[in-house]
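The values are calculated or read from the model by the stated rules, or taken from the named source; none is laboratory data. Not measured: the values here are computed from a predicted model. Ideal geometry is used to build each Cβ from the backbone, glycine not excepted, and the neighbour counts take in all protein chains shown. Side chains are part of the model used for accessible areas, which takes the heavy atoms of the whole protein and leaves out ligands, DNA and RNA. Shrake-Rupley method; radii C 1.70, N 1.55, O 1.52, S 1.80 Å.
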Amino acid sequence: MTPVQSRVARFVGTAAIAATLLASASALAQVTPPVEPAPAVETPVAPAPAAETPAPAAETPALTAEPDPATVVVATLNGEPITLADLDAMAADFGDALAQFQPAERTQALIDAVVNLRLMYAQAETMGLGETPAFLAQMEMLRQRALQNAYVQAAVADLITEEAIQARYDQEVAAMNLPEQVHARHILVNTEAEALDIINQLNGGADFATLAAQLSIDTGTGAQGGDLGWFAEGEMIQEFEDAAFAIEPGQVGQVPVPTQFGWHVIKVDERRRQPPPGYEENKELIRQIIFREAYLAEAERLRADADIQIMGAAPAAPALEPIPAPVTEPIAPAPTETPAPAPAAEPAPAPVPTP
């Protein structure tokens, strides 16, 4: 079969093959169980004489190259070979649909699909269906789409370098207004008197984490030494947040903070600017954004030199470009288990675009 014939066969037979593939699973479910082999007769073997010196280790055999799938024949149809490469091409057409088959059934199902495709292709050729104007127009559209994809790969995708991705990442990070964060702990109690007593113990040298484990009614964070992790402004209830951001790193707030949950004794461990999203985590996402922009720029460049005439006053329509759309990815603060400082609204997404 010629390459053109193969493409025509795959185009015409795709819908019919899907039904055949499903039917194959049912047929293959009824298989004759294999005959168990007869047990081997054990023959006593005399022990080999002990060697005075160990035998040299056997040399590792050279690795054998995998055979070319196009040369491995798995079946024939009217004398014409069906190869592993043919099965691979058919499997690509069905994608996840093959997951419904057991591994042992997939090969037979794919062979059945290839056989049906070729038989129906031959009948379509005999009927002249491949020469109708509608079919030829469809084939030409497929050819144009394939060549467009090849051009986009060569003129756009292949020109996006690692340096360009890094530069775009640096540009996005430099434009970010990253909020300040604090890493804080708290001990939650029921009364102001209890909170003042804890502050006095801490001022006398008591360990914050130990007191949190012993006295905090917020048992979730208490078991972690009262640790709330990192948070920025707008992520905790207002009175708790205001107090935490007013405390210097390494210090304990000297005034208990009342909230709807009780009285908080707060310690701030560290303060920082929120880190930007990592380069490695966002590299492929940024590549897609650069690709989108380069694709649209190349399309505009080509259109500028083209004579485009649109007949009639057609209304403007959105572009139907097969390109990825940018999406933003939020950077969440460190998770907390405490119910005390109730989270406020979700943090705003970071400006690094992600698909």
- Query: Between ALA75 and residues 5 or more places away or on another chain, which pairs have amide H atoms under 5 Å apart, with H built 1.01 Å from N, and which residues are they?
  - Reply: ILE82
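How do VAL74, VAL189 stack up against each other in accessible area, from largest to smallest, with a 1.4 angstrom probe?
Numbers: VAL74 55, VAL189 5 Å².
My answer, sorted largest first, is VAL74, VAL189.
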- Dipole magnitude of the range 158-274 about its Cα centre (Cβ charges: Lys, Arg +1; Asp, Glu -1), debye to nearest 20: 300 debye
- Task: Would you be so kind as to identify which of PHE240, LEU285, ILE308 lies farthest towards the positive end of the dipole of the range 187-315, taking Lys and Arg as +1 and Asp and Glu as -1 on Cβ and the Cα centre as origin?
- Result: ILE308
- Query: What accessible area per residue comes out for the range 205-264, rounded to a whole number of Å², with a 1.4 Å probe?
  - Reply: 46 Å²
- Query: So how exposed is TRP263, as accessible area in Å² (1.4 Å probe, rounded to 10)?
  - Reply: 60 Å²
- Item | Contour minus Cα-Cα distance for LEU302 and ASN177 (0.36 nm per residue) | 41.2 nm
- Amide H to amide H, which residues 5 or more places from LEU228 or on other chains are under 5 Å from it, using H placed in the peptide plane? ALA184, ARG185, HIS186
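Under unit Cβ charges (Lys, Arg +1; Asp, Glu -1), what dipole magnitude, rounded to 20 debye, does the range 104-178 have relative to its Cα centre?
Details: 5 positive and 10 negative charges, 55 e Å.
Charge dipole, the range 104-178, about its Cα centre: 260 debye, nearest 20.
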- Message: Taking the full set of protein chains and a 1.4 angstrom probe, give the accessible area of THR126 in square angstrom, rounded to the nearest 10.
- Response: 110 Å²
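Using a cut-off of 15 Å between beta-carbons, work out the net charge of the residues near ILE111 (Lys and Arg +1, Asp and Glu -1, ILE111 not included).
On the way: positive: ARG106, ARG118; negative: GLU80, ASP86, ASP88, ASP93, GLU105, ASP112.
Taking every Cβ under 15 Å from that of ILE111, the sum is -4.
In debye, nearest 20: dipole of the range 53-189 around its Cα centre with unit charges on the Cβ of K, R (+) and D, E (-)? Don't skip to the answer; put the middle values down first.
Working: 6 positive and 19 negative charges, 65 e Å.
Value, rounded to 20: 320 debye.
If you stretched the chain out fully between ILE237 and GLN251, how much longer would it get, using 0.36 nm times the residue separation minus the C-alpha to C-alpha distance? Mind dumping the intermediate values first?
Numbers: separation 14, 0.36 × 14 = 5.04 nm, distance 2.06 nm.
Gain in length upon complete extension: 3.0 nm.
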- Task: Calculate, for the range 131-186, the solvent-accessible area per residue in square angstrom, rolling a 1.4 angstrom probe over the heavy atoms of the protein chains.
- Result: 63 Å²
